[in-house]
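Notes for the one structure printed next.
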Amino acid sequence: MKKYSTFLILLLCLINMGIIPKAYGQATLPYSQDFSAGNDFTLNNGTQTNKWFHGAVTGNPGNSLFISNDNGVTNAYTVNSSSVVQAYRDFTIPAGSTIATFSFDWKAAGESTWDYLRVWLVPATFNPTAGTQIGAGAGRTQIGQFNLQTTWQTYMSPTLNISAYAGSTMRLVFEWRNDGILGAQPPVAIDNINLFIPTCLVPSNMAVGTVTANSATLSWTAPSPVPANGYEYYLSTTNSAPTAGTSGTPVTGTSVNLGATLTPNTTYYWWVRAVCSSTDSSIWMPGPNFTTTQIPATIPYFQNFDTSNDLGFTSGTQANKWYYGSATGNPANSIYISNDNGVTNGYNVNSSSVVHAYRDIAVPTGTTLAYLLFDWKGFGESTFDYLRVWMVPSSFMPTAGTQITAGAGRIQIGGNFNQQTTWQNYLNTAVNLSSFAGGTMRLVFEWRNDGIIGTQPAIAVDNIHLLIPSCFVPTAMGVTYSNLLLRQQ
């Protein structure tokens, strides 16, 4: 009896750690799991160093499934020990099913193409093996690969193809893999998994048309069948998605002109949903965010960021973004790169980023030379992580993730700014504005890092000053020496 009890205790421990997977029955649709009341995923950890665990160490909010190297105490992994582990759940897919809506929340830093989460659909007859990655084939479909984000993200596929599993059982697999060489904390965590067959199909191809300082046009493509009651859209200056109970603005067609209702130099987020009946609507689908154009500043232009920021940002989905705040400044606020929503002036050195801060400035007719001054600091990495400053036509909009190159009216000011952890002052007394005279010039501060290594802090900029002097400083100053014969009297 004592030996039997010891065996049961050992067996339960091995199941709890995922060395021996605990199997669950098949789930039915609709399915929702926020892990607050427990876990119904099978954890297939084997003897790997980095394992799946369920708990309250991290969540969005509350509990989640996460990778841990210390039995679930922390959401951390041993970067020099290779591991492949899976968490999976079986689902009964009704006969005749074609598409499903699938979503989950996730976060993971990891390492570029080496440490990441992959999500798979496989037949229930396929059993994942700890230590071995799943490969495509034999009914196995990869949904995506996820890493390089240290804050919670939401993945959504509104039209996931499940037709191959209709009338049978489908296995949903979350697979973590790390290569055992380098990596950045934390490893993956997942939360809020939803899978259901929609009765009202979503619109698609959301797009933003012409954007001005106070207006924009939004459009989308109708699903088939077209919703009987049209659509609703929801517009906000914060990236907080509406819920099923949120009321939107009704519209019958597949586009809307927002008219002169918007604020200049402001980023807007929007969502649209189909309305099939008074009781049946699709989920909200996000459109691409957009920023209204700026009303050009005049010269002289001065911005010390003490009370506000009038520069626009093109941060997109980059890991390292521009923020305005008080994390650093000379002496108070500034604009700076941050990887934690502006809390600190730090950057994720393992995630490549290219982001821009810009200001439109009207240049008077006849202007030739001007002075440009700004304060800056940032270390980065030699010729890989740095700030560049550009003057470009206002018709040129920088794109997050893409570096600006010279040409077509684009002019770089100075060189690469980095390798300084204390505030520096840049002064250029011969900025040539002649090509922008009588028009609008866009002044751009561009941060770039390559995603391999680097040194904190990232760049910060303060006290920007552009002026046309009424009296120019002398240039090419020097001393000319001549031979003098000195004679002692």
Discussion item. Residue pairs, Cβ under 6 Å, 6 or more apart or interchain, first in the range 438-453 and within 15 Å of A319 (Cβ to Cβ), second surrounded by fewer than 17 Cβ atoms within 10 Å (Cβ to Cβ). List them.
Written reply: R448/Q403
Worksheet, complete the sentence: Out of (1) assigned to a loop (DSSP other than H, G, I, E, B); (2) modelled with pLDDT of 95 or more; (3) closer than 27 Å to N341 by Cβ, the one T113 does not meet is (2)
Discussion item. List the residue pairs whose Cβ atoms are under 7 Å apart, where the first residue sits in the range 42-55 and is closer than 13 Å to A76 by Cβ, the second is among the basic types (K, R), and the two are 6 or more positions apart or on different chains.
Written reply: none
Fill in: Every residue from the range 144-168 that is open to solvent by 30 Å² or more (accessible area, probe 1.4 Å), assigned to a strand (DSSP E or B) and closer than 29 Å to L201 by Cα
Q145, W152, Q153, T154, Y155, M156, T159, N161
Worksheet item: Can you name every residue in the range 225-267 that is part of a strand (DSSP E or B), modelled with pLDDT of 95 or more and of a type outside the set (D, E)?
Response: Y231, Y233, Y234, L235, S236, T249, P250, V251, S255, V256, N257
Practice prompt. Go through the range 62-83 and give me each residue that's open to solvent by 10 Å² or more (accessible area, probe 1.4 Å) and not small (G, A, S).
Written response: N63, N69, D70, N71, V73, T74, N75, T78, V79, N80
Fill in: strands (runs of 3 or more DSSP E) fully within the range 293-356 counting 3 or more residues that are on the phi > 0 side of the Ramachandran plot, hydroxyl-bearing (S, T, Y) and surrounded by 16 or more Cβ atoms within 10 Å (Cβ to Cβ)
none
Practice prompt. For the range 84-103, name all the residues that are surrounded by fewer than 18 Cβ atoms within 10 Å (Cβ to Cβ), of a type in the set (S, T, Y) and in a strand (DSSP E or B).
Written response: T92, S103
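Conditions (1) open to solvent by less than 30 Å² (accessible area, probe 1.4 Å); (2) more than 24 Å from P469 (Cβ to Cβ); (3) basic (K, R), marked per residue:
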{"residue": "S394", "(1), (2), (3)": "no, no, no"}
{"residue": "G401", "(1), (2), (3)": "no, yes, no"}
{"residue": "A408", "(1), (2), (3)": "no, yes, no"}
{"residue": "G415", "(1), (2), (3)": "no, no, no"}
{"residue": "L433", "(1), (2), (3)": "yes, no, no"}
Fill in: Lone unmet requirement of (1) closer than 26 Å to I197 by Cα; (2) without any contact (Cβ under 8 Å) to a residue 12 or more places away in the chain for T113
(1)
Response to the item:
The residue from T141, T125 that alone is over 26 Å from N350 (Cβ atoms) and either in contact with a helix residue (DSSP H, G or I) (Cβ under 6 Å, 6 or more places away or on another chain) or outside any loop (DSSP other than H, G, I, E, B) (or both) is T141
Practice prompt. Kindly indicate whether A108 is in contact (Cβ under 8 Å) with a residue 60 or more places away in the chain, surrounded by 22 or more Cβ atoms within 10 Å (Cβ to Cβ) and either touching a Leu at 6+ places or on another chain (Cβ under 9 Å) or over 25 Å from A319 (Cβ atoms) (or both).
Written response: yes
Response to the item:
Of the candidates T267, T249, the one satisfying the condition of being more than 24 Å from T399 (Cα to Cα) and open to solvent by 40 Å² or more (accessible area, probe 1.4 Å) is T249
Practice prompt. Only one of these is more than 30 Å from T263 (Cβ to Cβ), of a type in the set (V, I, T) and open to solvent by less than 20 Å² (accessible area, probe 1.4 Å): I193, I197. Name it.
Written response: I193
Worksheet item: Does at least one position in the range 425-437 carry a residue that is in a loop (DSSP other than H, G, I, E, B) and either of a type outside the set (D, E, K, R) or at pLDDT below 95 (or both)?
Response: yes
Item to complete: From (1) touching a residue at least 40 places away in the same chain (Cβ under 8 Å); (2) open to solvent by 20 Å² or more (accessible area, probe 1.4 Å); (3) assigned to a strand (DSSP E or B), pick out the condition that doesn't hold for T132.
Response: (3)
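The values are calculated or read from the model by the stated rules, or taken from the named source; none is laboratory data. Since the structure is predicted, the reported quantities are computational estimates derived from the model, not experimental observations. Counting neighbours? That spans all protein chains shown, and the Cβs are built from the backbone with ideal geometry, glycine included. SASA here: full protein model, heavy atoms, side chains in, ligands and nucleic acids out. Shrake-Rupley method; radii C 1.70, N 1.55, O 1.52, S 1.80 Å.
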